[in-house]
Structures are given as structure tokens and as C-alpha cells.
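First up is the structure itself, then whatever we jot down about it.
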Amino acid sequence: MIIAHRLSELCGHGPSLETDIALTNISLDLFGQVRNFFQYAAELGAEGETEDSIAFLRLEREYSSSVILEQPNTDFAHIIIRQYLFDVFQLMQLEHLAKSNDDRIVAIANKSIKETKYHKRFSEAWIMRLGLGTELSNNKMQSALEHLYPFHGELFRPTDIEIDADLNGYGINPERLKERYQTEIAETFSSAGLTIPNTPERMANGKTGIHSEHMGAILSSLQYMQRAYPNMQW
Amino acid sequence: MVADLSNIEPKIVDALSNVFDPEIPVLSLLDMGVIKEVNVKDNWVHLKLTPTYTGCPAMDTMAADIVAALDSIGYETQIEFVLAPAWTTDWITERGRKALVDYGIASPLSEALDKSALVNGERIVPCPQCESTNTKVLSEFGSTACKALFKCDDCLETFDYFKCLK
């Protein structure tokens with residue numbers, strides 16, 4: 001949801017008409033996936049919980065999204081690198097969730113995979129175009145990669161919930177995806193003339209509720225309407 | 001894959017066949033293959049609807065339109081969204097595909113050809129305006145999540161192509 005929100009900020013502000021529409025379409029797809037998961041969570045959750053209360057009314061430390069997804073839309077290079085690092089992970093994770101022993105998760109995953117493949121094709125194609133474009137585009141991509149790469153490790157650090165989910169067959173410990181992920185992105189970046197940075201991992205504990213300084217601004221935008229007009233409906 | 005409505009009252013089927021996609025007003029929900037199952041008991045209808053794209057904002061409107069259409073002939077409807085089996089463009093009927101093209105939207109190709117057109121830029125999608133295949137993809141993301149943007153190099157018009165979803 002957080003990355004979907006970041007993409008939604010580009011509505012009307014994309015670098016070109018086609019990329020504006022593409023990024024907001026991706027945002028819409030992701031919000032759809034989020035709705036499916038949140039509706040299920042609400043059914044399993046406490047009395048009175050709804051997809052909206054889960055989306056809009058949690059406190060900052062109750063959101064368990066990875067910090068990389070909060071990073072701002074600094075420029076198109078950042079948007080694409082952030083998207084690609086997420087898309088590769090998302091597709092792998094969904095492919096595993098499609099084998100969950102929970103039928104609903106399987107159904108949501110199978111539906112989401114079809115769309116996520118389009119997202120990954122989009123982000124990967126732009127990595128290639130911009131990496132192999134001009135000296136300027138390559139420099140901007142390299143700079144974005146250096147900013148964002150050190151955050152991606154968090155995606156693979158399992159929380160207790162993920163460990164439990166894997167043990168009980170309904171989810172996946174993301175650690176299991178790390179090696180295949182690293183191989184795939186290394187190949188893409190190398191083909192695109194980009195160098196994977198050798199900097200230490202950034203502190204990132206969004207999955208345990210400790211978010212970056214960006215989360216405050218995101219949530220004040222995301223939550224404003226529901227908090228100002230409780231229970232409002234479209 | 002049109003739902004099996006052979007046991008359903010004709011006036012209900014008739015009402016359903018006049019509920020159209022809000023974005024593509026020539027395409028009925030039956031021809032889109034999103035109505036999966038209809039069960040009728042007295043004046044109460046339970047209908048299973050499957051979403052096209054997960055984020056499709058038209059789905060809620062479609063549900064509301066179905067409820068309104070059946071309400072107008074005296075039935076109370078409960079809509080259940082089902083995610084599995086996942087909707088695929090294979091379920092769009094021939095009549096639906098023709099309606100798309102008549103409206104100016106190129107209908108989805110097979111999975112393999114779809115990929116050729118979108119990924120390899122092959123010129124195979126027929127232009128809904130002039131029927132030429134001298135067309136190329138401009139963007140895999142068009143006016144809605146389900147469509148891609150194409151251009152015809154013969155008549156020079158742009159058009160939407162309904163992406164194959166499988």
C-alpha cells in the first residue's frame with residue numbers, strides 16, 4: 001500500500017503522459033491487491049475491523065511495510081529503481097504464496113501475479129533504457145541505485161509472523177528468496193550498465209514498525225480524510 | 001466463459017444482458033465473462049461476480065448496476081465477489097470481442113501473440129479504425145489498467161488494445 005501511495009503521488013506529475021498513466025495504473029493494480037489482502041485480514045481480525053480501518057487508521061508503528069517503499073519520488077530514476085527492486089521481490093513472493101495452504105491467499109496471489117508481471121516488465125525495460133541511454137541517464141540511474149540499494153535487504157529479513165507463516169505453510173519466509181533475487185537483479189543491472197554499490201546496508205526496520213522520517217508525511221496524507229471525516233465512504 | 005444461465009428465468013437473463021461495462025458501454029457483463037454463477041430463490045438472487053483486474057474501479061459500479069437492474073424487475077440481489085478461478089480474457093465471448101472492435105478497442109490476442117505485440121513490438125494488432133496491422137505499441141499501460149496504447153501508422157490514429165490476461 002505504501003508504494004502504491006507513492007506512485008499515486010505521481011498522478012498528473014509523471015515525466016511524460018505515457019509514464020504518468022503507466023505508473024498510476026501500476027498504483028491502481030497494487031491498491032487492488034492490497035484491498036484483497038486487507039478484506040481477508042478484516043474477516044480474520046477483530047470485530048469491527050474493515051479494509052478501511054486497516055488501511056487508514058493504524059498508528060505509525062502498526063504499519064509493517066519495508067522502509068524502501070517509503071523512499072520519495074526524487075526523480076524518475078529513483079521511481080524506477082524503487083519499483084524494480086520491489087517488483088522482482090513481489091513476483092517471487094506471490095509465486096510462493098500461490099502455493100500456500102490457504103485457498104484465499106492462493107486465489108489472491110494467482111490474480112496478482114498476472115498484473116505484477118506487467119509491472120516488472122515495465123520497470124525492467126526502463127532500467128535498460130535509462131541505464132544504456134545517455135551518460136546523463138546512466139549517471140542518474142547509478143545515483144538512484146546507490147541511494148536505494150542499501151535499503152532492499154529489509155525485504156528479506158523475516159519477521160516472527162513470516163517465520164510462523166512459512167512453518168505453517170500459509171506464507172513464505174522471504175529469506176528463501178534472497179539468493180535467486182540477488183542473482184536476477186545483478187544480471188539486470190549489469191546488462192544495463194549499472195554497478196551494484198558496495199555500501200553497507202541502511203538501518204531499516206519498517207517491518208517491525210520503525211519507519212523512516214518519510215512515513216509521517218505519507219500517513220498524514222494517506223489518513224487525513226478518514227481521520228477528518230470518520231467513516232466517510234466514496 | 002459465459003455462466004450457465006439455462007435454468008434462470010428469461011427476464012433475469014434479459015436484465016443481466018443489458019448491464020454493461022461502465023467504461024465500455026457496448027460490452028455487456030455477460031459477454032465479459034465476469035458473471036460466474038446466478039442462483040435464484042423466490043425473489044432473491046445470489047450472484048457471483050469475478051473481478052477483471054484487482055484494482056479495477058469499475059467493479060463496484062458493475063455490482064451496483066446489477067443490483068439496480070434486478071431490483072427494477074422485482075428481485076433483491078446479493079453479490080459475492082469470487083477471486084478464483086481468476087478471470088482471463090479467454091472468457092470474453094465472440095460477441096464481446098466484436099463489440100470491443102466496433103467501439104474502437106482492439107480485442108485481446110492469444111497469450112503468445114499478445115506478448116509478441118507488447119514486448120517485441122511486432123506489428124500484428126489490427127487497427128479498429130482501418131483494420132491495418134501496421135500498428136505498434138506506444139505504452140503497455142493505456143487509459144485503464146486492462147488496456148495498452150497503440151498507434152496505427154497507416155491511418156495515424158491511436159487506439160486502445162485490450163491486453164490478454166491469462
Need the failing condition index for B:ALA86 against (1) open to solvent by 40 Å² or more (accessible area, probe 1.4 Å); (2) within 12 Å of another protein chain (Cβ to nearest Cβ), just the number. (1)
Here is a list: B:LYS11, B:LYS115, B:LYS98. Which entry is open to solvent by 80 Å² or more (accessible area, probe 1.4 Å), within 14 Å of chain A (Cβ to nearest Cβ) and in a helix (DSSP H, G or I)? B:LYS115
For residues in the range B:132-143 being at pLDDT below 95 and part of a loop (DSSP other than H, G, I, E, B), which is surrounded by the most Cβ atoms within 10 Å (Cβ to Cβ)? B:PHE141
Considering every residue within the range A:166-180, establish whether at least one is among the hydrophobic types (A, V, I, L, M, F, W, C), under 26 Å from A:ARG104 (Cβ atoms) and over 16 Å from the mean Cα position of the chain (by Cα). yes
On the given criteria, is A:ASN138 modelled with pLDDT of 95 or more, away from chain B (no Cβ under 14 Å), surrounded by 17 or more Cβ atoms within 10 Å (Cβ to Cβ) and over 27 Å from A:LEU28 (Cα atoms)? yes
Let me spell it out: the conditions are (1) hydrophobic (A, V, I, L, M, F, W, C); (2) part of a loop (DSSP other than H, G, I, E, B); (3) modelled with pLDDT under 95, and A:MET225 meets all of them except one. Which number is the exception? (2)
When restricted to B:LEU70, B:LEU30, the only residue in a helix (DSSP H, G or I), surrounded by 13 or more Cβ atoms within 10 Å (Cβ to Cβ), in contact (Cβ under 8 Å) with a residue 24 or more places away in the chain and touching a strand residue (DSSP E or B) at 6+ places or on another chain (Cβ under 6 Å) is B:LEU70
Residues of the range A:26-76 being among the basic types (Lys, Arg) and within 12 Å of another protein chain (Cβ to nearest Cβ), in sequence order, are A:ARG35
Test result for B:THR61, within 22 Å of B:SER143 (Cβ to Cβ), out of contact with any Lys or Arg (no Cβ under 6 Å at 6 or more places or on another chain), within 14 Å of chain A (Cβ to nearest Cβ) and open to solvent by 50 Å² or more (accessible area, probe 1.4 Å): yes
Taking the range A:93-117, which residues are closer than 18 Å to A:ALA4 by Cα and either away from chain B (no Cβ under 12 Å) or crowded, with 22+ Cβ neighbours inside 10 Å (or both)? A:GLN93, A:LEU94, A:ILE108, A:ALA109, A:LYS111, A:SER112, A:GLU115, A:THR116
Hey, A:ARG61 basic (Lys, Arg), in contact (Cβ under 8 Å) with a residue 12 or more places away in the chain and closer than 17 Å to A:LEU219 by Cβ or not: yes
Any chance A:ARG82 is part of a helix (DSSP H, G or I) and either over 12 Å from the mean Cα position of the chain (by Cα) or farther than 25 Å from A:ALA204 by Cα (or both): no
Every residue from the range B:152-165 that is surrounded by 16 or more Cβ atoms within 10 Å (Cβ to Cβ), of a type outside the set (Asp, Glu) and outside any loop (DSSP other than H, G, I, E, B): B:CYS152, B:PHE159, B:TYR161, B:PHE162
May I ask you to list the residues in the range B:101-112 that are assigned to a helix (DSSP H, G or I), surrounded by 13 or more Cβ atoms within 10 Å (Cβ to Cβ) and not acidic (Asp, Glu)? B:VAL101, B:TYR103
In the range A:193-216, which residues are within 27 Å of A:GLY131 (Cβ to Cβ) and small (Gly, Ala, Ser)? A:GLY193, A:ALA204, A:SER212
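The values are calculated or read from the model by the stated rules, or taken from the named source; none is laboratory data. Computed from a prediction, not measured in an experiment: that's the story for all the values here. Using ideal geometry, Cβ is built from the backbone for each residue, glycine included, and neighbour counts are taken over all protein chains shown. The accessibility values were calculated without ligands, DNA or RNA, using every heavy atom of the protein model including side chains. Shrake-Rupley method; radii C 1.70, N 1.55, O 1.52, S 1.80 Å.
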